[in-house]
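Below: the structure, in structure tokens.
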Amino acid sequence: MPSKTGSCTVWAFSIREQLVSTAFTKRQQMLSPDQYEIVDVRMLRGVRRAMLFPKAILQAEFAANREVLDNKRERWRGKRVAKKAPTRARNE
């Protein structure tokens, strides 16, 4: 979730003191310790852990995913055009 300070937040969800947030553990494994900060956030139901990391990391991931999707779309368009081969009924 983007914030006004130029960093993104991933919340850690826990049930009975066990971490169950896959997004949190995924980010923690992907990033080096100097790229993120883990903070405790006071909420109505107690204290939650949150990970703060730069927005630039998230924006780079979105750009890379966008390029991959664009390439896939081009391949799909090519396959659709190849399927629409001219038939005798269309030419007459």
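So the values come out like this:
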quantity	calculated
Odd one out for Ser7 among (1) out of contact with any Phe, Trp or Tyr (no Cβ under 9 Å at 6 or more places or on another chain); (2) at pLDDT below 85; (3) of a type in the set (Gly, Ala, Ser)	(1)
When residues of the stretch 19-42 are limited to those that are among the charged types (D, E, K, R) and open to solvent by 90 Å² or more (accessible area, probe 1.4 Å), the one modelled with the highest pLDDT	Asp34
Selection status of Arg66, in a strand (DSSP E or B), at pLDDT 80 or above and loosely packed, with under 12 Cβ neighbours inside 10 Å	no
Pairs, first open to solvent by less than 60 Å² (accessible area, probe 1.4 Å) in the stretch 43-57, second part of a strand (DSSP E or B) and among the acidic types (Asp, Glu), C-beta under 8 Å, six or more apart	Ala50/Asp40; Met51/Glu37; Leu52/Glu37; Phe53/Glu37
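The values are calculated or read from the model by the stated rules, or taken from the named source; none is laboratory data. For clarity, every value in this text was computed on a predicted model and none was experimentally measured. When we count neighbours, we look across all protein chains shown, and the Cβ atoms used for this are built from the backbone with ideal geometry, even at glycine. Please note that ligands, DNA and RNA were not included when accessible areas were found on the heavy atoms of the full protein model with its side chains. Shrake-Rupley method; radii C 1.70, N 1.55, O 1.52, S 1.80 Å.
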